[in-house]
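First up is the structure itself, then whatever we jot down about it.
The values are calculated or read from the model by the stated rules, or taken from the named source; none is laboratory data. Computed from a predicted structure; not experimentally measured. Here the Cβ positions follow ideal geometry from the backbone for every residue, glycine too, while neighbour counts run over all protein chains shown.
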Amino acid sequence: MSFEEEKMRVNSTGLGQTTMVANFEGFQTIAADKVAGQYVGKDGQYIIIGVEAVKPIHWTIRITMDGQDLRRLIKAALTPKVISRVLSILIRGSNLDREQNP
């Protein structure tokens with residue numbers, strides 16, 4: 001389910017200054033009991049975002065988000081500054097695109 005192009009950059013404070021190259025794998029919904037180990041809600045209570053780091057190390061990263069997390073993410077993403085930047089990247093491309101495809 002991962003995309004072929006390796007364009008995402010991931011930084012971790014645990015790795016110092018290392019920048020990993022990663023692929024976005026996709027979204028998945030899961031039942032709440034599979035996350036918490038006990039039943040706390042109905043199916044689809046969580047969204048998992050999958051990312052696969054491929055360079056310089058290979059890690060599978062899963063970000064599990066609930067409704068509160070999703071509301072905060074959407075609220076942060078719907079600011080004029082972020083919307084403007086997203087549109088600019090979609091229309092013109094990013095510096096990362098130009099780095100990888102000179």
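Does ILE83 count as more than 16 Å from the chain's Cα centre (by Cα), surrounded by 11 or more Cβ atoms within 10 Å (Cβ to Cβ) and outside the structural domain of GLY26 (by TED's automatic domain parsing)? First the steps, then the outcome.
Numbers: more than 16 Å from the chain's Cα centre (by Cα): yes; surrounded by 11 or more Cβ atoms within 10 Å (Cβ to Cβ): yes; outside the structural domain of GLY26 (by TED's automatic domain parsing): yes.
Considered against the rule, which asks whether it is more than 16 Å from the chain's Cα centre (by Cα), surrounded by 11 or more Cβ atoms within 10 Å (Cβ to Cβ) and outside the structural domain of GLY26 (by TED's automatic domain parsing), ILE83 comes out as yes.
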**Study point:** Verdict on GLU6 being surrounded by 12 or more Cβ atoms within 10 Å (Cβ to Cβ), at pLDDT 90 or above and not assigned by TED's automatic domain parsing to the domain that holds GLY93
**Key:** no
Check your understanding: Within the group ILE57, ILE47, which residue is modelled with pLDDT of 75 or more and either surrounded by 13 or more Cβ atoms within 10 Å (Cβ to Cβ) or of a type in the set (Phe, Trp, Tyr) (or both)?
Key -> ILE47
